[in-house]
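The values are calculated or read from the model by the stated rules, or taken from the named source; none is laboratory data. Computed from a prediction, not measured in an experiment: that's the story for all the values here. Counting neighbours? That spans all protein chains shown, and the Cβs are built from the backbone with ideal geometry, glycine included.
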């Protein structure tokens, strides 16, 4: 069922050519999506591009185009499930084609846990339209009413019992006018065959047998390999370099300087000097032999420890108000029972297992790019700017991604390959190493949080003040930006669920001294860490159980609209009526995970349970972590339990996999030293000093329960990550009495 492109040019054209296919899709041009049909010679390379489309071949095979990037989240499987279900396609007759970058697809940015949320309705309509046309074609062939014809598993059957396969009906359907999408009835939930079931990843066999195409597998004929030595400081550039020794390395073909960007970094390459060689090893040896003198620019003074002190000083004083209700400041000023805490989280790197990689071939009228990209249209724009073409001249072919986590939506690596191909006239594959990725990423922002609360006589929060400060993602796009973009604050900060009559939330400013970008769950990571840790601290101060206090603190079932409290909130771009901030659903996942973990049971000495809950990407997640802390301060994560309400889900097995992976990813935020800087330079280089969870760091089991829901689909890939660090740190306190307010945990347990 999996069909990626062949690696040779001839093989690629052969594999994507399908003559006489009936193609369905939806245009985005104005108004509601409308179904279209036509004959395409090459469904996956069609000149008549659609947003999402289905090709029904003359032999009855269904080709479903996936316009999103596959990076382990099984989106190719989910899209096929949705379309095939509504069109009543037999699963063994479905093939998935990977769509290349093209604006006619609409949004292709595989980021923000929104692929299904953005597309499920039109995918269903598309599949249902195919089913309708098959029924209509059969009805006309038999000269009967369409209502007497039903479609099931790749064939249409009349009430009399006679039937025709989809293959028999393709030519007839070509002559029919497709109905408007809103005129085609969709299946009832009770009729779903593939949706909301556990189905095997369609690419699984190719992945485990080594047949899947990742970026480093692309071997464009006669392509040369490039590795780049980049400025160690963002904003720096090469003053001079000596390539004599590098060019003396056997296999090295050329040494080319890549210009450093001016102004905001955007997604452009950092600049530097590229070694072009006949193979990767020669390129790496040539890079080692290269001598470069750097001008560090204005960020050469960046030091993590000094910046940490600046951030904590910022949140120690009043900042810009972003949400307010009641009179928190005056109540806190007079409070006799008060809790005050500062929280800190370092820079983090996305660190996908597969480092960035792209191959490019420059032609006078176009550039062909093969890349492990999360956002091929961003590649189109960035490459076009780099080589001086229009973005319509850039053809981006999407390979599989060995992880992305936000890093591969920033296509500097594709632009490097295109620029070097332009300069050499050859096909160039730019290969990043692990060290390149760790030291030249778009880092998750470092942050500081200051929280104060006054507790009433029953220990409840009667007034709450929270300040946040972090280097904004805006700095990547706007030179000198120091204030967070609105969406960054709306990720776990302005949508704080604490139920109190007096609340004030404030946002401070912070410069960016490196490239800042989004990472899996973005600023939900540090906001959830602070809020959920603080609630647990307040529970302890009040002498209450963590779980019971958390439920009391978020309050009764209700729909929370923070805009009524002088806050801006875009709700992840979703309509608040369709996706309300529903406290009842947050309460439900808390209660469910407490039941799953047998919360309140007696534990041996040195063991503890911690709980945290958070809504992100319109999904509600609660996590319980059980840990053991030895007398010498050694930490062992025993088990985790997760309850998730993501509305309607497509593949239940995928959801559980994503929650498990997101939980393990959340451990990095807690245990990693993070990314630190001195003299503007990243101090880490590989997994020996940028720690990601090993098996010994991870629980033996992450048990996941999906809350059944008829609500619209919400995000899945990211919501499990933000809750893990606070649940873990709350468990540590329960186990040994050590309160963790600054990440990473590091040696704090041994102090």
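What to note about this one:
- Qualifying positions in the stretch 656-687 - touching a strand residue (DSSP E or B) at 6+ places or on another chain (Cβ under 9 Å) and within 30 Å of residue 300 (Cα to Cα): 668, 669, 671, 672, 674, 675, 676, 677, 682, 683, 684
- Residue ID - surrounded by the fewest Cβ atoms within 10 Å (Cβ to Cβ), chosen from residues in the stretch 309-333 that are without any contact (Cβ under 8 Å) to a residue 24 or more places away in the chain and either more than 25 Å from residue 561 (Cα to Cα) or outside the structural domain of residue 532 (by TED's automatic domain parsing) (or both): 317
- Test: residue in the stretch 508-529 that is out of contact with any helix residue (DSSP H, G or I) (no Cβ under 7 Å at 6 or more places or on another chain) and more than 30 Å from residue 437 (Cβ to Cβ): no
- Any chance residue 560 is within 24 Å of residue 111 (Cα to Cα), in contact with a strand residue (DSSP E or B) (Cβ under 6 Å, 6 or more places away or on another chain) and surrounded by fewer than 24 Cβ atoms within 10 Å (Cβ to Cβ): no
- Residue 190 meets all of the listed conditions (1) free of Cβ contacts under 8 Å to residues at least 24 places away in the same chain; (2) assigned by TED's automatic domain parsing to the domain that holds residue 93; (3) in a loop (DSSP other than H, G, I, E, B) but one, namely (3).
- Residues of the stretch 645-677 satisfying the condition of being in a helix (DSSP H, G or I), at pLDDT 95 or above, under 28 Å from residue 746 (Cβ atoms) and in contact with a helix residue (DSSP H, G or I) (Cβ under 9 Å, 6 or more places away or on another chain): 662, 663, 664, 665, 666, 667
- Residue match in the stretch 215-227 (condition: within 30 Å of residue 304 (Cα to Cα) and in contact with a helix residue (DSSP H, G or I) (Cβ under 8 Å, 6 or more places away or on another chain)): yes
- Residues within the stretch 90-125 that are under 22 Å from residue 711 (Cβ atoms) and touching a strand residue (DSSP E or B) at 6+ places or on another chain (Cβ under 8 Å), tallied: 3
- Of all the criteria given as (1) modelled with pLDDT under 95; (2) outside any loop (DSSP other than H, G, I, E, B); (3) within 34 Å of the chain's Cα centre (by Cα), the one not satisfied by residue 228 is (1).
- Screening residue 552 on (1) under 20 Å from residue 453 (Cβ atoms); (2) buried (at least 20 other Cβ atoms within 10 Å of the Cβ) shows it passes everything except condition (2).
- Across the stretch 693-728, the qualifying residues are those that are within 19 Å of the chain's Cα centre (by Cα) and in a helix (DSSP H, G or I), and the one among them that is nearest to residue 294 (Cα to Cα) is 725.
- Top-ranked residue of the stretch 134-146 - restricted to ones that are more than 43 Å from the chain's Cα centre (by Cα) and farther than 16 Å from residue 60 by Cβ, ranked as surrounded by the fewest Cβ atoms within 10 Å (Cβ to Cβ): 143
- Scanning the stretch 230-239 for residues that are surrounded by fewer than 22 Cβ atoms within 10 Å (Cβ to Cβ) and in contact with a helix residue (DSSP H, G or I) (Cβ under 9 Å, 6 or more places away or on another chain) yields 232, 237.
- Of 128, 78, 138, all but one fail to be over 30 Å from residue 411 (Cβ atoms) and either in contact with a strand residue (DSSP E or B) (Cβ under 8 Å, 6 or more places away or on another chain) or in a loop (DSSP other than H, G, I, E, B) (or both); the exception is 138.
- Only listed residue being surrounded by fewer than 24 Cβ atoms within 10 Å (Cβ to Cβ) and under 29 Å from residue 595 (Cβ atoms), chosen from 663, 685, 698, 640: 698
- Hey, residue 121 surrounded by fewer than 21 Cβ atoms within 10 Å (Cβ to Cβ) and free of Cβ contacts under 8 Å to residues at least 40 places away in the same chain or not: yes
- In summary, residue 690 fulfils each of the numbered conditions (1) part of a loop (DSSP other than H, G, I, E, B); (2) touching a strand residue (DSSP E or B) at 6+ places or on another chain (Cβ under 6 Å); (3) buried (at least 23 other Cβ atoms within 10 Å of the Cβ) with the single exception of condition (2).
- Residue match in the stretch 164-175 (condition: in contact with a helix residue (DSSP H, G or I) (Cβ under 6 Å, 6 or more places away or on another chain) and part of a loop (DSSP other than H, G, I, E, B)): no
Let's see how each residue does on (1) surrounded by 24 or more Cβ atoms within 10 Å (Cβ to Cβ); (2) touching a residue at least 60 places away in the same chain (Cβ under 8 Å); (3) under 25 Å from the mean Cα position of the chain (by Cα):
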{"residue": "437", "(1), (2), (3)": "no, yes, yes"}
{"residue": "447", "(1), (2), (3)": "yes, yes, yes"}
{"residue": "454", "(1), (2), (3)": "no, yes, no"}
{"residue": "484", "(1), (2), (3)": "yes, no, yes"}
{"residue": "489", "(1), (2), (3)": "yes, yes, yes"}
{"residue": "492", "(1), (2), (3)": "yes, yes, yes"}
{"residue": "502", "(1), (2), (3)": "no, yes, no"}
{"residue": "519", "(1), (2), (3)": "yes, yes, yes"}
